[in-house]
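One structure is given below, encoded as structure tokens.
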Amino acid sequence: MPSALASDTAIGSVKTLTDSVVNQAGTIILGKKRQLSLALACLLARGHLLIEDLPGVGKTTLAHVMAKILGLDYSRIQFTSDLLPADILGVSIFDRTAGAFQFHPGPVFSQVILADEINRATPKAQSALLEAMEEHQVSIEGETRPLPKPFFVIGTQNPTYQVGTFPLPESQLDRFLMRIELGYPDKTAERALLTGEDRRDLLEKIEPCLDIEQLLEIQGVVDQVHTSEALLDYLQAILEHTRKSPDYVSGLSPRAGLALLHCAKAWALMLGRNHVLPEDVQTVLPFVVSHRLKLTTDTHTMSHNDIAKQLLDIPIP
Amino acid sequence: MNTPAHNSRYDVRTSPLKTPPRKLREQWQDRLHHKLDSAPAANLWLFAGLAMVVLPHFAYQKFAIMVCCSVLLLWRLLYDLKTTALPPRWLRIVLAFAAFAGVGTLHHTIFGRDAGVSLLLIMLCLKLLEMKKQRDFIVAVSLGYFVVITGFLYSQTMLIAVYMFGTIIVLTTALIASNRLASAWNDMANVRLAGSMLVLAIPMAALLFVLFPRLPTPLWGLPDDAFAGKTGLSDQMSPGQISRLSDDDAVAFRVQFNSPLPRPSQLYWRGPVFSHFDGKTWRHDTTIEIPDTIDNTTADTKHSDSGAYGTLNKQDIVGRDTPVAYSVTLEPHNQRWLFALEMPAVLPANGKFNDAFELLSRQPVKKLVHYEMRSYLDYDLQPQRLSNRHVYLQLPSNIGIKAQELILQLITSIANQQDRDEKIVAAILNYFRQQPFFYTKQPPLLRDDPIDEFLFETRQGFCEHYASAFTFLMRAAGIPARVVTGYQGGEFNTLGDYLIVRQSDAHAWSEVWIAGKGWTRVDPTAVIPPEHVQYQEHLQRFRPSVATTTVDLTWLASTWHNIKLSWDNVNHFWNMWVIGYNNKKQNSFMSWLGLEQFGWQGLAIALFSGLSILVMLVAFHLLYRHRQSSDPVQKAYQRFCRKLESIGVRKSHSEGAAHFAQRVIRQQPELSTPVATITRLYNAIRYSDHDATDKHAENELREAVKGFHPQRLLTGYQSGKNNSNNSFK
């Protein structure tokens, strides 16, 4: 049932917009177009993003750039082992002039949140944020406060074998729609980085490509991207494989299946298509499922490579 | 496709963050040394499998050995259930040596069938006590696969084969379970997988069974003590010996008649012949050497249609009718007798006659043998001369005094009459008929003088009592006589058209020598009047008959009887075609295939072509499993893929259409227009919001595929038909 929004011209304009977002961001984060596209797709699919990498490869910059380009307000929470839930959510302080408690919202009341080094905080602090991610609202002192829309959390994580980390449990990893890795820049990008202007200055100069209304509208269009029976067959074949294969401790959950579907839709839309192809599923697959699957032979969660090898080999019906 | 994970630079640089992918070999090594959990399902499956391996041996092995095996198995089970620890190393070594010593003491050897199997069983169970790593587990399962076969050394029935099949499934399940760590796989799935693996292996096994070259004589025979425990007729006869068999339902042999079935009263299957009586037991006369007088060398081809068996010296056996033709499948009984209707007209291959006209095999019958026979039902045996006449007149001293008096009276009453001998025979038979003689399965015990006590006091007996007493009386009257044992009658299985002769059909009768007629069969049991028979079910014993039915059988009994007959029919088939599948049958099968002239090379050819066909079937299934589709769109697209395949570009089954098109165009830019069009159409129909009732696009796709000729395009010919854009995504 093609709606007005999903019409070809609308799709075309969405593509133009998203392309410009990715291109703009690409001028600051060099040589990482694919990751930028994925991050945008994740945002368009109304999901949260987990970036797992070493410090200093540009995770914070990426989060900042995304917020700025999309015209969203941005705050950063540096997770440390002594971080308390109130540091994230906010706290009520007694105002002597008003004679009453006044709520001072914490950094969580922003549209884009960079939760930096999320696995360095204690589980108690982690759960405060993760609850907000799932419910899109927070309950403080008996009062439920809605979070702004859109609400996009970019969590960054150090590799779990580093000292002083509290690895996120599977249930909380599941709240992140995608997990990506940035990696070192390639040689030309690195040279451009070294010779070019300071990234912070560039960041200041950047102009938003979208406003909030446009963003919300595009998020609405994503839902209307068509998925045919044949495509759903393929998706189910993937889910079934993970559930039946002895290689995984447990198969993908229905929520994971939905996540995969949403991401593939967003990806198809960003390519200017009003329907999803198996290729879209294959593109987003490693980033959507790798943090949700655990190999029986290995205690670490799977790397993107392992997923690509095993799940991308499933025949397309 | 080019995910970030595939960016080579990215990959190399980030690899220190991840554990580098281990080599397969290392993974395998790791796996082998992987410590077993103390109680995973796999261990319990292994326990079940090995218990199944050991279980049938309770019937064959010494009890002490089986107790040891059970204790060792239970020890492991208790360890798996976390109640005990495994024995330390020194104890395991001591146990291993003790096992050798124990088996050696029990069997006086550690070689041969029984000792060897005992040793294998104990060692298998001992292995479980040192099973700590994956490697040991695999060794234990493999040993189980090996030891399960030892059951065939004792029994080769179909039931055992089915049981072994089950055992193999359980062992395979254990192997599968040990290789699966995921909880998603439950036990039933493992059993199903093991079962389907085995079922898939059956065609291969059947092919190897039928076509693997068989030698006329096996490379190695069964151990000497195989089938030692078989019951059957023995080489002597004393009261009670045959009645002991009357409860034994085991099959002695099965017979298939090629000519009309003889009358039931003619079905005397001749076996051991006894001429020496010591007052209690009938034996072969050990004073005369029994020469292998008659052999294949005196072959007379008159009634023989093949050189495989010869006929007998005409002077000794004179047939008076056309012989009946039949084939016998004899169960192993560990003795040398071959059973045949009296009187054999030919010798089976590997058979010979002795002086008493016993049909003997050259070796003890230790495996199922099958032989073709012809027999005269009406015959004269040695009518002219009787050598060793004294042997058949031998009597023990000091017994049967009253019996001899009885005979003396008889002789004086009919002295000097014509046909004196025949009259004496008739008179004695009459005596049995008229005096209160009873036929019973449980005759009273005879003590000092079995002849007199039976004839004048108890007058209750089984066939051996009658045969023994009758022969004694004949000898007392000066008529050469001997006891013959064998089987009488049989049960005709109408389902398979063959006769089953069981151990319970064992019988004893007499032969007397009458001048001019030779040896004549006399069955004294047959004259006992029916009302003197104490057990109805043994009616057949004295009223020779081929028991079939059954008027007074209840519905349940007759159903049960039919089931038994069907089961026997299945067993007969199994014996004929599985156990009895030998070099000869293989040859005739090959000639049926038309490959006989090639000999073993023909077998090899048939074997390899059969195996190739099987492998090809599997390969085709794997190849085309994903290709069959009834959807016209899929069909058209598959046709497109086949066309591209012909120029060497193959679509992998997990490759999306768009990616495939990109790859094709990268390799063959000349094809970009049609490939792009077809792919765009295909993706649009299959994945976009396409109206299924709209056949326009479908037709367009079909036409485009039809007009797509990659080879022509590559050689410069342009169709010019497909000029649509290539804006697929």
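What follows is calculated from the coordinates using simple rules that are stated; it is not laboratory data. Predicted model, so just to flag it, every value in this text is computed and none were measured. All Cβ positions, glycine included, derive from the backbone under ideal geometry; neighbour counts span all protein chains shown.
What to note about this one:
- Here the protein assembly as shown is described by how far its Cα atoms reach on the three principal axes: 154, 78, 52 Å, from widest to narrowest.
- Other-chain or far-sequence residues with amide H under 5 Å of A:GLY155's (modelled H): A:LEU49, A:LEU50, A:ILE51, A:ALA115
- Sparse-neighbourhood loop sites, GluC sites (Glu not before Pro) in the range A:163-227 - DSSP loop, at most 12 other Cβ within 10 angstrom: A:GLU197
- Applying 1/(1 + (r/R0)^6) with r as the Cβ-Cβ distance of A:ARG243 and A:GLU204 and R0 = 45 angstrom yields a FRET efficiency of 0.35.
- Segments B:587-594, B:120-127, B:572-579 sorted - mean Cβ within 10 Å per residue, highest first: B:120-127, B:572-579, B:587-594
- Inter-part distance where the range B:652-669 and the range A:167-238 are each reduced to a Cα centre, Å: 26 Å
- Approximate spin-label separation B:SER142-B:GLN363, in nm, with each point projected 7 Å along Cα-to-Cβ: 3.2 nm
- Shown for chain A: lysine pairs separated by 8 or more places, or found on different chains, whose C-alpha atoms are under 21 Å apart, numbering 22.
- Near A:LEU216, once Lys and Arg are set to +1 and Asp and Glu to -1 for all other residues with Cβ below 11 Å from its Cβ, the sum equals -1.
- Under 5 Å between amide hydrogens, built in the peptide plane, is the criterion, and for B:LYS133 it picks out B:LEU36 among residues at least 5 positions away or on other chains.
- Dipole magnitude (debye, nearest 20) for the range B:29-179, charges at Cβ of Lys, Arg, Asp, Glu: 280 debye
- Once both labels are positioned 7 Å from their Cα atoms along Cα-to-Cβ, the gap between B:ARG89 and B:TRP577 label points is 5.6 nm.
- Projected label distance in nm at B:LEU208 and B:LYS402, using a 7 Å step from Cα toward the beta-carbon: 6.9 nm
- Proximal lysines relative to B:LYS706, as straight alpha-carbon distance under 18 Å, when same-chain residues fewer than 8 apart are discounted: B:LYS635, B:LYS643, B:LYS695, B:LYS721
- Positive minus negative residues near B:ILE411 (Lys, Arg vs Asp, Glu; Cβ under 13 Å): +1
- Net charge contributed by nearby residues that have their C-beta within less than 9 Å of A:LEU173 (K/R +1, D/E -1): +1
- Applying 0.36 nm per residue to the separation of B:THR559 and B:GLN409 and subtracting their alpha-carbon distance, the gain on full extension is 48.6 nm.
- Proximal lysines to B:LYS564, defined as alpha-carbon separation beneath 25 angstrom and excluding residues fewer than eight positions away on the same chain: B:LYS230, B:LYS367, B:LYS441
- Antiparallel bridge percentage (DSSP; both residues within the protein assembly as shown; nearest 5): 75 percent
- Ellipticity estimate at 222 nm from DSSP helix runs (n ≥ 4, -39,500 (n - 2.57)) divided over chain A, nearest 500: -14500 deg cm²/dmol
- Between B:GLN418 and B:PHE456, the FRET efficiency estimated from the beta carbon spacing at R0 = 25 angstrom works out to 0.25.
- Computed 3J(HN,Hα) for the range A:106-117, one whole-Hz value per residue from the Karplus formula 6.51 cos²θ - 1.76 cosθ + 1.60 where θ = phi - 60°, is x, x, 5, 7, 10, 7, 10, 10, 9, 9, 7, 6, glycine and proline marked x.
- Here the 3J(HN,Hα) profile of the range B:116-125, calculated from phi with Karplus coefficients 6.51, -1.76 and 1.60 at θ = phi - 60°, is x, 5, 4, 4, 4, 4, 5, 5, 4, 5 Hz, Gly and Pro shown as x.
- Put simply, the amide H of A:LEU252, placed in the peptide plane, has neighbours under 5 Å in A:THR242, A:ARG243, leaving out anything fewer than 5 places away on its chain.
- Calculated from backbone phi, Karplus (6.51, -1.76, 1.60) coupling profile of the range A:166-172 in Hz, x at Gly/Pro: 10, x, 5, x, 4, 4, 8
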